[in-house]
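See below for the structure under consideration.
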Amino acid sequence: MFRPAPTRRHLLTAAGASVLAAGLPGLVRPARAAGLAPTPSMRGGSNNYRPGAPVVARIGGGGFRMSGRVRRAGDGAPLEGIRIQIWAHTTEGHERDPASHGATLTRADGSFEMDMPQIVPAFGQPHGHLAYDGGAFRTVFLRPVMRDRDAAALSADFVLQPA
Amino acid sequence: MRLRTGLAWGGLAAALCLPLALATASPLMQWRGPVYVTGCLAGIAALSLLLLQPLLASNRMPGLSPRQARRLHRLGGAVLAGAVGLHVGGLWITSPPDMIDALLFAAPAAFSLWGVLAFWLLAAAVILAALRHRAGLRSRRWHSRLACAAAGGSIVHAMLVQGLMEPVSKTLLCLCVAAAGAGLLRRRRASRAERPPAPEGAGPRRRRREP
């Protein structure tokens with residue numbers, strides 16, 4: 001059977017069509033009238049999560065700063081006393097090690113901060129994990145990736161939706 | 001002639017071993033357990049073998065008879081399959097949820113998709129090689145194509161991973177793997193074109209395309 005080899009025109013047409021197909025839904029989606037949208041969980045965010053990790057002043061020896069802000073979906077009000085669990089592969093241990101996990105509570109302005117050991121690349125990327133898994137809001141797992149693997153800080157924000 | 005043979009094999013040995021040696025000197029080594037390190041190094045060894053295999057398949061290395069090259073290629077294939085098994089197994093033991101995500105194509109990182117794609121392509125190439133004679137297939141065409149596609153996937157996988165490999169040696173090794181694979185496919189195509197078309201009905205199974 002004779003099948004013509006794809007020409008440049010075919011390839012360009014196909015590429016153009018897929019760009020349109022991928023981009024259009026994003027462009028025509030109506031603006032959200034409800035205000036601040038909730039943060040969706042990230043892929044792989046819940047990997048090696050440990051339910052009930054204790055609230056700690058610092059994970060291990062510290063030296064790396066994980067920070068962020070927690071707000072309510074819709075009106076964007078800062079949420080105080082929200083428990084955020086943090087874990088990562090660091091210079092002091094693997095993601096799975098219980099000692100690599102710790103939780104902290106947000107302040108009145110919704111911000112949180114954890115002193116933890118330096119994150120190092122693991123499974124191909126330098127990344128951290130954060131979880132909100134309280135009862136009042138829907139569970140969210142984040143997995144932010146560091147742009148600079150030598151950086152000593154990483155941040156991730158939560159917008160939570162009431163459960 | 002002997003000098004050429006020595007240079008070719010010495011160069012190949014350096015291309016295969018240097019990236020691995022440099023990886024063992026990575027600062028990340030100190031923060032990884034033995035199982036994780038084994039899994040990582042097995043992946044690098046597998047990438048190196050993807051350079052050796054096409055060179056043996058087309059008998060490009062001097063000083064080898066076609067038969068020796070074929071036998072070495074078979075042995076290389078078995079070691080490659082073992083290395084890939086160690087890579088996947090080592091990472092699985094290190095972090096099961098990350099590997100489950102990867103194998104289900106649900107991982108957050110793009111390199112993971114490429115790695116799993118390469119894994120399945122390579123598995124298909126190995127199975128095809130093992131069963132080719134039993135299945136009565138004379139053509140090596142699909143084995144080469146699958147293996148070269150697996151090599152392509154592995155290159156993208158390796159280049160996107162931030163891991164033990166030293167970046168310059170990694171890039172050079174990937175370029176070598178790409179060149180060896182592309183060279184193999186080109187030579188296979190050229191050797192097919194040179195051969196006169198078989199008369200209709202000739203050959204045991206009336207296959208229109210011969211190897």
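Tally time: how many residues in region B:112-160 are within 14 Å of another protein chain (Cβ to nearest Cβ) and touching an Asp or Glu at 6+ places or on another chain (Cβ under 8 Å)?
Counting residues in region B:112-160 that are within 14 Å of another protein chain (Cβ to nearest Cβ) and touching an Asp or Glu at 6+ places or on another chain (Cβ under 8 Å) gives 1.
Confirm whether B:R70 is in contact (Cβ under 8 Å) with a residue 12 or more places away in the chain, assigned to a helix (DSSP H, G or I), farther than 30 Å from B:V35 by Cβ and of a type in the set (D, E, K, R). Spell out how you get there, then give the answer.
Numbers: in contact (Cβ under 8 Å) with a residue 12 or more places away in the chain: yes; assigned to a helix (DSSP H, G or I): yes; farther than 30 Å from B:V35 by Cβ: yes; of a type in the set (D, E, K, R): yes.
Yes, satisfied.
Check off (1) of a type outside the set (D, E, K, R); (2) surrounded by fewer than 16 Cβ atoms within 10 Å (Cβ to Cβ); (3) touching a Ser or Thr at 6+ places or on another chain (Cβ under 9 Å) for B:A15 and give me the number that stays unchecked.
B:A15 satisfies all of (1) of a type outside the set (D, E, K, R); (2) surrounded by fewer than 16 Cβ atoms within 10 Å (Cβ to Cβ); (3) touching a Ser or Thr at 6+ places or on another chain (Cβ under 9 Å) except (2).
Can you report the number of residues in region B:132-182 which are among the β-branched types (V, I, T) and either crowded, with 20+ Cβ neighbours inside 10 Å or under 13 Å from B:L50 (Cβ atoms) (or both)? Break it down into steps so the answer makes sense when it comes.
In the first step, residues of region B:132-182 are kept if they are among the β-branched types (V, I, T); the result is B:155-156, B:161, B:168, B:171, B:177.
Next, only the ones that are either crowded, with 20+ Cβ neighbours inside 10 Å or under 13 Å from B:L50 (Cβ atoms) (or both) stay: B:155-156, B:161, B:177.
Number of matching residues: 4.
A quick yes/no check of all residues on (1) farther than 30 Å from B:L91 by Cβ; (2) of a type in the set (S, T, N, Q); (3) within 14 Å of another protein chain (Cβ to nearest Cβ):
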{"position": "A:G102", "(1), (2), (3)": "no, no, no"}
{"position": "A:P126", "(1), (2), (3)": "no, no, yes"}
{"position": "A:G134", "(1), (2), (3)": "yes, no, no"}
{"position": "A:R138", "(1), (2), (3)": "yes, no, no"}
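Can A:M146 be described as closer than 24 Å to B:G33 by Cβ and away from chain B (no Cβ under 14 Å)?
For A:M146, the condition - closer than 24 Å to B:G33 by Cβ and away from chain B (no Cβ under 14 Å) - is not met.
Those residues that are surrounded by fewer than 19 Cβ atoms within 10 Å (Cβ to Cβ), outside any helix (DSSP H, G or I) and within 14 Å of chain A (Cβ to nearest Cβ), I need them from region B:24-67; list them, please.
Once the filter is applied, which keeps residues that are surrounded by fewer than 19 Cβ atoms within 10 Å (Cβ to Cβ), outside any helix (DSSP H, G or I) and within 14 Å of chain A (Cβ to nearest Cβ), region B:24-67 yields B:S26, B:G33.
For region A:127-142, give me each residue that is within 11 Å of the chain's Cα centre (by Cα) and surrounded by fewer than 21 Cβ atoms within 10 Å (Cβ to Cβ).
If the condition is that a residue be within 11 Å of the chain's Cα centre (by Cα) and surrounded by fewer than 21 Cβ atoms within 10 Å (Cβ to Cβ), then A:F141 is the only one that fits.
Which ones in region B:82-92 are surrounded by fewer than 20 Cβ atoms within 10 Å (Cβ to Cβ) and either of a type outside the set (A, V, I, L, M, F, W, C) or within 25 Å of A:M146 (Cβ to Cβ) (or both)?
B:G82, B:G85, B:G89, B:W92
Since B:V79 meets every condition but one in (1) buried (at least 16 other Cβ atoms within 10 Å of the Cβ); (2) in contact with a Leu (Cβ under 7 Å, 6 or more places away or on another chain); (3) of a type outside the set (S, T, N, Q), which condition does it not meet?
(1)
What pairs come out if I take residues in region A:92-112 that are within 16 Å of A:A53 (Cβ to Cβ) and of a type in the set (K, R) and pair them with residues that are modelled with pLDDT of 95 or more and in a helix (DSSP H, G or I) whose C-beta lies under 6 Å away, six or more apart or interchain?
Close Cβ pairs satisfying both conditions: none exist.
Output the residues belonging to region B:124-161 that are outside any helix (DSSP H, G or I) and either of a type in the set (F, W, Y) or at pLDDT 95 or above (or both).
B:V161, the sole residue that qualifies.
How many residues are more than 23 Å from the chain's Cα centre (by Cα) and modelled with pLDDT of 95 or more if we restrict to region B:1-26?
Of the residues in region B:1-26, 2 are more than 23 Å from the chain's Cα centre (by Cα) and modelled with pLDDT of 95 or more.
If we keep just the residues of region A:82-111 that are hydrophobic (A, V, I, L, M, F, W, C) and crowded, with 23+ Cβ neighbours inside 10 Å, which is farthest from B:Q30 (Cα to Cα)?
If we take residues in region A:82-111 being hydrophobic (A, V, I, L, M, F, W, C) and crowded, with 23+ Cβ neighbours inside 10 Å, then A:I84 is farthest from B:Q30 (Cα to Cα).
If you take the residues of region B:86-111 that are among the small types (G, A, S) and free of Cβ contacts under 8 Å to residues at least 24 places away in the same chain, which of them is farthest from the other protein chains (Cβ to nearest Cβ)?
The qualifying residue farthest from the other protein chains (Cβ to nearest Cβ) is B:A102.
Can B:A158 be described as more than 14 Å from A:G124 (Cα to Cα), under 13 Å from the mean Cα position of the chain (by Cα) and among the aliphatic types (A, V, I, L, M)?
No.
For (1) hydroxyl-bearing (S, T, Y); (2) away from chain B (no Cβ under 14 Å), each residue gets a yes or a no:
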{"position": "A:V55", "(1), (2)": "no, yes"}
{"position": "A:G60", "(1), (2)": "no, no"}
{"position": "A:S67", "(1), (2)": "yes, yes"}
{"position": "A:I86", "(1), (2)": "no, yes"}
{"position": "A:G93", "(1), (2)": "no, no"}
{"position": "A:P98", "(1), (2)": "no, yes"}
{"position": "A:T106", "(1), (2)": "yes, yes"}
{"position": "A:Q118", "(1), (2)": "no, no"}
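The values are calculated or read from the model by the stated rules, or taken from the named source; none is laboratory data. All of these numbers come straight from a predicted model, not from anything done at the bench. All Cβ positions, glycine included, derive from the backbone under ideal geometry; neighbour counts span all protein chains shown.
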